[in-house]
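Working notes for the structure below.
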Amino acid sequence: MTKTDWEKLKHFSPKEAWGNPSKMSLELLLALDDFRDRMGERFIVNCGYATSGHSPDSFHYKGEAVDGLFEFTNIFEQFFEALREDSFKGIGIYPFSKRPFLHLDIRPTRVKLIWYRDRGGSYHYNFSLKQLYLLGGGAWPS
Ligand SMILES: [Zn+2]
């Protein structure tokens, strides 16, 4: 991301916790900017580019992933809203972290990969949205 790239964004600046802002992907940031716009609420960046601390093939190492959360919306609702964004192909939810957050990335796949991390720290990739919704304490619409 160049200075000019950052100027294309409405809601984000290089001063946030990107790790290394110059290593972030413009494509990811444009997608995040659109999502942020639609949500109408501040998105807090926990982490963007990283050189360690994630899974071996993590898109954080390419600057193509971000971890963070919208300030007020319930984290499960944020997850469901993220599913509506075509650009995000990897979407993870960490609802049991001290401060719950989402992982969003733009991996080059057509079908989205989604996951959640449970209380014990295990990752789940095969689950129904209903299961996740109930986990969040929501009442599934009948
Ligand atoms: Zn992540």
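The table below lists the values:
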item	result
Residue match in segment 85-103 (condition: in contact (Cβ under 8 Å) with a residue 40 or more places away in the chain, of a type in the set (S, T, N, Q) and closer than 26 Å to Gly19 by Cβ)	yes
Segment 23-49: number of residues that are more than 12 Å from the ligand (Cβ to nearest atom), touching a Gly at 6+ places or on another chain (Cβ under 6 Å) and aliphatic (A, V, I, L, M)	2
Options Ile75, Ile93; residue that is surrounded by 20 or more Cβ atoms within 10 Å (Cβ to Cβ), in contact with a Pro (Cβ under 8 Å, 6 or more places away or on another chain) and closer than 16 Å to Tyr116 by Cβ	Ile93
Residue identified as β-branched (Val, Ile, Thr), in contact with a strand residue (DSSP E or B) (Cβ under 9 Å, 6 or more places away or on another chain) and under 20 Å from Gly63 (Cβ atoms) among Ile91, Ile114	Ile91
Of all residues making up segment 55-66, the number that are within 8 Å of the ligand (Cβ to nearest atom) and not in a helix (DSSP H, G or I)	3
Tyr116 vs. criteria surrounded by 17 or more Cβ atoms within 10 Å (Cβ to Cβ), of a type in the set (Ser, Thr, Tyr) and within 14 Å of the ligand (Cβ to nearest atom)	yes
Any chance Glu71 is more than 29 Å from Ser122 (Cα to Cα), more than 12 Å from the ligand (Cβ to nearest atom) and of a type in the set (D, E, K, R)	no
Lone qualifier among Ser52, Ser87, Ser128 - being more than 15 Å from the chain's Cα centre (by Cα), within 16 Å of the ligand (Cβ to nearest atom) and not aromatic (Phe, Trp, Tyr)	Ser52
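We did not get these values from a lab; they are worked out from the coordinates using the rules stated. Treat the numbers as computed from the prediction; the structure is a model and nothing was measured. Counting neighbours? That spans all protein chains shown, and the Cβs are built from the backbone with ideal geometry, glycine included.
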